[in-house]
Ligand code: CA2
């Protein structure tokens, strides 16, 4: 099973700015830790990050063709993007929305996700562990499905 992990705008700055909010880990470190977990779980993972909405739409479409699930932190596009919502609605594979912080505990404009309605679920507020929890869900789902 392959899972695609897609990250949106400014997440390439993780670990360099606003560590009190987003933590001290770089995106590369979060991805390396997820790869370790994926290896333990026997899951293949792929990673993509872009600051561009269109590139993220294309990444979701490609992941839908190539992977069996998508872990998506669309960052600020979570709160604005009909294009990403439409891409997720068109997906055959489940998409899990993740956030490092808990957007419901932040500014009002972060309380609305355009994407959540099309996702299998949302995991927010656990820092880098939000991604791990999403990966565990995919892994357990696969094992339950195979009867293992
Ligand atoms: O908590 C999350 O994961 C967010 O998706 C992060 C987004 C924010 O717009 C969402 O409401 C919640 C912002 C990502 C910005 O990433 C930075 C990382 C380091 C330094 C500055 C920004």
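Where a number appears in this text, it was derived from the coordinates with a stated rule and is not lab data. Bear in mind the structure is a predicted one, so any value in this text is a computation, not a measurement. FYI the Cβ positions are ideal-geometry reconstructions off the backbone, even for glycines, and counts take in every protein chain you see.
Can you tell me the length gained on complete extension of the stretch residue 62 to residue 17, counting 0.36 nm per residue apart and subtracting the Cα distance?
Residue separation times 0.36 nm, minus the Cα-Cα distance, leaves 13.2 nm.
For the residues 18, 97, 107, what sequence is obtained by ranking on other C-beta atoms within 10 Å, fewest first?
So the ranking, lowest neighbour count to highest, is 107, 18, 97.
From largest to smallest, what semi-axes in whole angstrom does the chain give when each is the square root of 5 times an eigenvalue of its alpha carbon gyration tensor?
Sorted largest first and rounded, they come to 22, 18, 14 Å.
What Kirkwood hydrodynamic radius, in Å, does the stretch 3-86 give when the mean of 1/r is taken over all pairs of distinct Cα atoms and then inverted?
Computed over the stretch 3-86, the radius equals 13.4 Å.
Run lengths n ≥ 4 of DSSP H only: what is the helix-derived mean residue ellipticity at 222 nm for the chain, with -39500 (n - 2.57) per run over all residues, to the nearest 500?
-12500 deg cm²/dmol
What does the extension gain come out to for residue 33 and residue 106, with contour length at 0.36 nm per residue minus their alpha carbon separation?
23.6 nm
In percent, how large is the relative contact order of the chain, given Cα pairs closer than 8 Å and 6 or more residues apart?
It rounds to 25 percent for the chain.
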